[in-house]
Amino acid sequence: MELWQALIIGLIGYFGVNRTPWLFGQSGGFNGIAQPIVACTIMGFMFGNVQEGIAVGIALQAMYLGVIQPGGALPSDRGFATFIGGSLAIASGGGVEAAIALAVPLGLLGVALFQFFMTFNAYFPHMGDRAAANGDKNGIIKAQYLSQVPTFIVYVLIYTLANYLGVDFVRAMLDVLPAQIIKALSIMGRILPAVGFAMLLKYIVVRGREWMIGFFVMGFVLLMNTSFNIISLTLFGIGVSILFVVARYGAELKGGLVGNVSNNGGDDYDE
Amino acid sequence: MTSKLTKKDIQGAAWTNVFFHHCAQNYERMMGLAFAHTLCKPLEKLYPEKEDYKLALQRHMNFYNTEPTLGSLIPGVVLGLEEGLSNKADVTEEIVLSTKTALMGPFAGIGDSLIGATYMSIVASIAIGLSDGGSLIGVIFFLLFHAGVPIFLKYWLFMKGYELGLNALNLITPKITEIVTTSLGIIGLVTVGGITASTVRVPVAYEYVSGELVISLQNILDRIMPGVLSLVLTLGLWWMYTRKGWSAIKALIILLVAVIVLVYLGIM
């Protein structure tokens, strides 16, 4: 692969980091041009093999179907899988199998880098704190912009180098990794989202109303032990919520609150 | 009462939110710095007194995290409430902050289930189907609906949120806040429970071997209840956050070390 091609992959890959703001934020980059089906098609054009690009793109896209990014953490990093695994497979003509074989271990390494930045970036809000204490809005904006610099350098460097050095180099690097590290990374990918979920619970379950945690347990048990999917569960949750509100506040609501609420559009929240 | 903010100010903030809501995301404040960034320009207009402005900026530097698409309503609502606060309407700083924190959790749960797990997956599945065989139509469809529609939604919900915040000014009583928070909180908790169940996995590899006898710990755990360890882990972390003051970073590091040790020992 030519250096300029590797560099373009590095740049698109940077747009695929979920923090990159420049392309309508997360929507245009992370959820847009950097998703496998789009990015691999672009790379297919670049390497003169659009069909191969689309084929690899939909294979990787299917791999990540239904994977959401709760509390920031993905079980496997789409970026590494796409911009190292996918790009090398398209460039070398290795096809879908080569892409998927590389995508799995690379996705795990990508999670490790993601977790590193989620920790390292805690520096920037402190910069923002100082600006806020001085009433300096430009300082806050500066902290946001500056936070992109390390992300930009590290991701562009990794993607460009990996693509430039080629598929044999990447395979050799992956082979050097002990099997136990790969295993630990894959387990962490599934355990670490709990860090974000528990933080959400902290902010939904208010102090003094700890019993509400029962609703969390209910949702967990229903999805795990029945054939409920997430939409049926959401509808079920709406039903439970209505029942609860009517039972708990029904008498008070009859006292006139209801008329007030429904006339002013404020009831968009209810249910 | 004429607004101190022009339509342009609100639109500007709505776009800042679209572009920057995840910039600098981190485990300590998540989207907190971005929240202050989104509101910093309109707040300057609302609070001409420098001291008031400092306080306003500082209260929006706190921890903030939600699902960004549906959650774009929240900074809009908060801006509407801030305008009431700056006009000395019946709004207190507490109402602004408690509305913000009360909404972000439920919107995260509901948004992850409706947008992340449902809408995005359906769009991706259709796109894969359309492009199977090498057509570009699926790719274009994907860009329009996976990227385009959420961009529009984020902008529109912010603008709606602002109106809602302004209209709710005379309406918000502690009772209403409690009812709204509780009902949204229940839906949020049920969906977060479901998403946790489908995402978090705590595998156990340990087997007790004695001659012919092999007892797999995972089997025993599954017989207690499928997913029991993921549930215990998430509830345990929640307990540590609320009762022991753990930070997310502390939890992350402890889990990292624990997993490495357990894998090394062959238990995981």
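Please treat every number below as a calculation from the coordinates, not as lab data. Since the model is a prediction, treat every value here as computed from it, not as a measurement. Using ideal geometry, Cβ is built from the backbone for each residue, glycine included, and neighbour counts are taken over all protein chains shown.
For B:E44, A:E210, B:E67, what's the fewest-to-most ordering of other Cβ within 10 Å of each Cβ?
Fewest to most other Cβ atoms nearby, the residues stand as A:E210, B:E44, B:E67.
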Task: Loop trypsin sites (Lys or Arg not before Pro), the range B:1-33, which have at most 16 other Cβ atoms in a 10 Å radius of their Cβ (DSSP) - done: B:K4
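Ranked from highest to lowest mean number of other Cβ atoms within 10 Å per residue, what is the order of the peptides B:180-187, A:150-157?
Numbers: B:180-187: 23.2, A:150-157: 16.2.
Descending packing order for the listed peptides: B:180-187, A:150-157.
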TODO: Please name which of A:I58, A:G44, A:L161 has its Cα lying farthest along the dipole of chain A towards the positive end, using unit charges on Cβ (Lys, Arg +1; Asp, Glu -1) and the Cα centre as origin.
DONE: A:L161
Open item on the list: Under the rule a/c < 1.5 gives rounded, and otherwise a/b versus b/c splits prolate from oblate, where does the range B:7-195 land using the Cα gyration tensor?
Closed with: prolate
TODO: Please label the shape of the range B:115-183 as rounded, prolate or oblate, based on the square roots a ≥ b ≥ c of the eigenvalues of the alpha-carbon gyration tensor (a/c under 1.5 means rounded; beyond that, a/b larger than b/c means prolate, else oblate).
DONE: oblate
Open item on the list: Using each residue's phi in the range A:90-101, evaluate 6.51 cos²θ - 1.76 cosθ + 1.60 at θ = phi - 60° and report the 3J(HN,Hα) Karplus result to the nearest Hz, with x for Gly and Pro.
Closed with: 5, 5, 8, x, x, x, 4, 4, 4, 4, 5, 4
- [ ] Note the angle between two axes, namely the Cα long axis of helix B:248-264 and the longest principal axis of the Cα atoms of chain B, as a number of degrees from 0 to 90, rounded to the nearest 10.
- [x] 10 degrees
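Please report B:L153, A:L192 as a ranked list, fewest other C-beta atoms within 10 angstrom at the top and most at the bottom.
Listing B:L153, A:L192 from fewest to most nearby Cβ atoms yields B:L153, A:L192.
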Open item on the list: Below 8 Å between Cα atoms, with a sequence gap of 6+, how large is the relative contact order for the range A:3-192 in percent?
Closed with: 24 percent
Task: Mean separation of Cα contacts under 8 Å (6+ apart) over length of chain B, as relative contact order % - done: 19 percent
- [ ] Compute the long axis of helix B:174-199 from its Cα atoms, compare it with the longest principal axis of the Cα atoms of chain B, and write down the angle in degrees, 0 to 90, nearest 10.
- [x] 30 degrees
- [ ] Name the aspartates and glutamates eligible as straight-distance cross-link partners of A:K202: C-alpha to C-alpha under 13 Å, and not fewer than 8 places from it in the same chain.
- [x] A:E210
- [ ] Count, for each residue of A:54-67, the Cβ atoms from other chains sitting within 10 Å of its Cβ, then give me the mean as a whole number.
- [x] 5
Task: the range B:217-264 shape via C-alpha gyration tensor axes, a/c threshold 1.5 - done: oblate
Open item on the list: As a test of the definition: which semi-axes, in Å, follow for the range A:3-192 when you take the square root of five times each eigenvalue of its alpha carbon gyration tensor? Largest first, please.
Closed with: 30, 19, 15
Open item on the list: Can you tell me the orientation of helix A:179-191 relative to chain A, as the angle in degrees between its alpha-carbon axis and the longest Cα principal axis, to the nearest 10?
Closed with: 30 degrees
Open item on the list: Which lysines, if any, have their Cα less than 20 Å from the Cα of A:K254, not counting same-chain residues under 8 positions apart?
Closed with: B:K175
Task: Ranking of A:V217, A:V195 by count of other Cβ atoms within 10 Å, fewest first - done: A:V217, A:V195
